[in-house]
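The values are calculated or read from the model by the stated rules, or taken from the named source; none is laboratory data. No experiment lies behind these values; they were computed from the predicted model shown. Methodologically, a virtual Cβ is constructed for each residue, glycine included, from the backbone with ideal geometry; neighbour enumeration extends over all protein chains shown. The accessibility values were calculated without ligands, DNA or RNA, using every heavy atom of the protein model including side chains. Shrake-Rupley method; radii C 1.70, N 1.55, O 1.52, S 1.80 Å.
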Amino acid sequence: MLFNKANKQNIKTEAGEPISLPPSGFKLVLKELLKDKFAIFSILVLVLILLFTFLGSAFVSKESLDTNILDGLMPAFSSGHFLGTDEGGKDILSLLIVGGRNSIVIGISVTAISIILGLVIGLISGYFGGVVDDIFMRIIDFIMVLPRFMIIIILTTIISNYNAFTLILLISLFSWTSSARYFRSFVLAQREREYVMASKASGSSNVAIMFREVLPNISSMIIIDVVLGIAGNIGIETGLSFLGYGLPASTPSLGTLIGYANDPVNIMSRPWVWLPAVVMLLIISYMINYVGTVFQRAADARQRR
Amino acid sequence: MKKMLEVKNLEISFDTFAGKVQAIRNVSFDLKKGETLAIVGESGSGKSVTTRSLMKLLASNANVENGEILFDGQNILEKSEGEMRKLRGSKISMIFQDPMTSLDPTMPIGKQVAEPLMIHHQASKKEAYKKALELLEMVGLPNAKDRFKNYPHQFSGGQRQRIVIAIALICNPEVLIADEPTTALDVTIQAQILELLKDLQKKVKTSIVFITHDLGVVANIADRVAVMYAGKIVEIGTAEEIFYNPRHPYTWGLLGSMPSIESSASRLYAIPGTPPDLLQPPKGDAFYPRNEFALKIDAEQQPPYFEVSKTHKAATWLLAPQAPEVTPPEEIQKRWKKFEELKRAKEVKDNE
């Protein structure tokens, strides 16, 4: 029986069933992320910090942020003020929550603006090349040689009516350039790929090719730039506020809190005023950076483990 | 028969650091409705440049020096980018050489196939997807329905080329340009894809310009063949005429270097030398340095086209009335003999 002719009537020309497929795009990034225990830990911590600052802000009472000289300079763990108070009697814990939220919001906003601007200009510049590219690149070169901190500091003192929104615009004005350059380099590489030519050959317009085909193909670079950008921009905001040119004094941020360390007495004998903000800033920057590098690794086949 | 495409005296050059490269030197041919024209030639002979110029997709350093390309009586070269965009993918479409790179890696294949329909016919998403699915089934993509939302990397080379063909065909183009569509595939898949193209041509009545350097593929699919060398068409005729009654020494060389069951030679023939530098195209016949049958006049003057038959012409001085008799290689003589037999058989058939 075994040697009867096998029933072979429906031989297909090609294998019908899909074979097991390698993961792609976000799945791959997710897989890489889940493999890394410290990355999971980082994300958990970041989520906790976000919840702590954003939800916490809702519970912060207005009085705790008001000046109240009588309660000034209470050390940590005193009754009613878990992390103590500053010279003006403001509750440090409340300042940390609201300030942390402000810093994160500014970091994210600046990143959003500069990534969108950088992406559009990087796409146009890289895709069209030639004169368009030259013009944009020379503008970017020019902005990059400007001493950005000095200009921001001068502008903050000149601009009347200066608030968080103007600060976001000011920092974005300078930070989109590096994103634009970064994206341009990837667009340049994508532009030469045959699918772009093939898409042109089927009648797609340049705008459609740029945003619907090239853009998804550099998406992993965008994620990396977003993640690393947020950490960097929080740092810039904090630095400016520390120097006293960031947010106006009435608006707390991590930078203004750390700024208390300008006072030698504070730095020596009142660590509760500035230390929590420093620790929070370090944790946020470090964790975001770590997650960013994991994304970067996942997106780059050569670095993948 | 109606002429779909007419290329007249096309001359294209490229600006490079070294100077002007004259890639296409006075190329003329036409394409009739429903026929397949194969353009054969070695690398760098200008096949791909010719086809890209049909789509007006030349690189930015290319200059069209002379000539016109008529599609439906209108000169493509004078059309604006916007007008071209309307033609591309709807009236004229193109299959690219490498299916591994000509699909967008981040877009599901169904969407890629449906897209030209949405661009050109303002079809709704639903209609376009329905038609795309039908077409994917028609080109023989297995499990098309389940795999509609898959990405290109999840398909094999042959499957991807089927998808690429589906994209090219979805708007029922009048002219399909296939730029070495089987070169990147292995032989069994090659045969399947060629069969598919032939079937589809019967169904949708498209004219095909088929670019290849593989004469085996040409024999399989072409009605007419144009042989290109150094930016010129050196011989053009029906497939039968090119294969069995070749007149240009370069065509002889190409046919001689193709392995066949009948050939008795123990070593495969190779044309000696390399193609000329098109930075400074030779004064005479470009094939002169490599041509063992060359005449003195070849070094001095470019040969005009000599008509062999109504459909067959070749640019070689060997066909001039004053030229001496030349005995071509044995292999070619056999082919000529076969051609005579075929001709006689046809006459007998016609007389009956």
Give the residue that is farthest from the other protein chains (Cβ to nearest Cβ), with candidates limited to residues of segment A:142-201 that are in a loop (DSSP other than H, G, I, E, B) and under 30 Å from B:T101 (Cβ atoms).
A:E192
Among what's in segment A:214-226 and is open to solvent by less than 20 Å² (accessible area, probe 1.4 Å) and modelled with pLDDT under 90, pick the residue that is farthest from the other protein chains (Cβ to nearest Cβ).
A:I224
Single residue of segment B:98-130 satisfying the filter (free of Cβ contacts under 8 Å to residues at least 12 places away in the same chain and in contact with a Leu (Cβ under 9 Å, 6 or more places away or on another chain)) that is surrounded by the fewest Cβ atoms within 10 Å (Cβ to Cβ)
B:E127
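Yes/no per residue for (1) under 23 Å from the mean Cα position of the chain (by Cα); (2) surrounded by fewer than 20 Cβ atoms within 10 Å (Cβ to Cβ):
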{"residue": "A:L119", "(1), (2)": "yes, no"}
{"residue": "A:G122", "(1), (2)": "yes, no"}
{"residue": "A:I139", "(1), (2)": "no, yes"}
{"residue": "A:R148", "(1), (2)": "yes, yes"}
{"residue": "A:I153", "(1), (2)": "yes, yes"}
{"residue": "A:T157", "(1), (2)": "no, yes"}
Tell me whether segment B:122-136 contains one or more residues that are facing chain A (nearest Cβ under 7 Å) and not β-branched (V, I, T).
no
Quick check: anything in segment B:34-46 part of a helix (DSSP H, G or I) and either under 22 Å from A:Y195 (Cα atoms) or in contact with a Gly (Cβ under 6 Å, 6 or more places away or on another chain) (or both)?
no
Within segment A:110-128, can one find any residue that is at pLDDT below 90 and closer than 19 Å to A:E237 by Cα?
no
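Table: residues versus (1) more than 26 Å from B:L196 (Cβ to Cβ); (2) at pLDDT 90 or above.
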| position | (1), (2) |
| --- | --- |
| B:D214 | no, no |
| B:E240 | no, yes |
| B:H248 | yes, yes |
| B:M258 | no, no |
Residue, farthest from the other protein chains (Cβ to nearest Cβ), within segment B:63-93, restricted to residues that are at positive phi and surrounded by 18 or more Cβ atoms within 10 Å (Cβ to Cβ)
B:G67
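How many residues are hydroxyl-bearing (S, T, Y), within 21 Å of A:G239 (Cβ to Cβ) and either at pLDDT below 85 or open to solvent by less than 70 Å² (accessible area, probe 1.4 Å) (or both) when one looks only at segment A:274-305?
Total meeting the criteria: 2.
Condition first: in contact with a Phe, Trp or Tyr (Cβ under 7 Å, 6 or more places away or on another chain) and open to solvent by 20 Å² or more (accessible area, probe 1.4 Å). Now tell me which residues in segment A:245-260 satisfy that.
Within segment A:245-260, A:P248, A:I258, A:Y260 qualify.
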Suppose the filter is of a type in the set (S, T, N, Q), away from chain B (no Cβ under 14 Å), closer than 30 Å to A:V29 by Cβ and open to solvent by less than 20 Å² (accessible area, probe 1.4 Å); does A:N266 pass it?
no
Residues to consider are B:I167, B:I189; find the one that is at the interface with chain A (Cβ under 10 Å from one of its Cβ atoms) and closer than 20 Å to B:V209 by Cβ.
B:I167
Contacts under 9 angstrom Cβ, first residue in segment A:254-266 being farther than 15 Å from A:N102 by Cα and in contact (Cβ under 8 Å) with a residue 60 or more places away in the chain, partner open to solvent by less than 20 Å² (accessible area, probe 1.4 Å) and not basic (K, R), 6 or more apart:
A:Y260/A:D86; A:Y260/A:N266; A:Y260/A:V273; A:Y260/A:A277
Out of contact with any Gly (no Cβ under 6 Å at 6 or more places or on another chain), on the phi < 0 side of the Ramachandran plot and part of a helix (DSSP H, G or I): does that describe A:L83?
no
Residues of segment B:157-184 satisfying the condition of being touching a residue at least 40 places away in the same chain (Cβ under 8 Å) and among the β-branched types (V, I, T)
B:I163, B:V164, B:I165, B:I167, B:I170, B:V175, B:I177, B:T183
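Residues in segment B:118-135: is at least one touching a Cys at 6+ places or on another chain (Cβ under 8 Å) and more than 19 Å from B:F155 (Cα to Cα)? Step through it out loud before you land on a result.
Of the residues in segment B:118-135, the ones touching a Cys at 6+ places or on another chain (Cβ under 8 Å) are B:120-121.
In the following step, the residues that additionally are more than 19 Å from B:F155 (Cα to Cα) were identified as B:120-121.
Looking for residues that are touching a Cys at 6+ places or on another chain (Cβ under 8 Å) and more than 19 Å from B:F155 (Cα to Cα), one finds at least one in segment B:118-135, hence yes.
Does A:I236 satisfy the condition of being under 24 Å from A:I115 (Cβ atoms), within 14 Å of chain B (Cβ to nearest Cβ) and among the hydrophobic types (A, V, I, L, M, F, W, C)?
no
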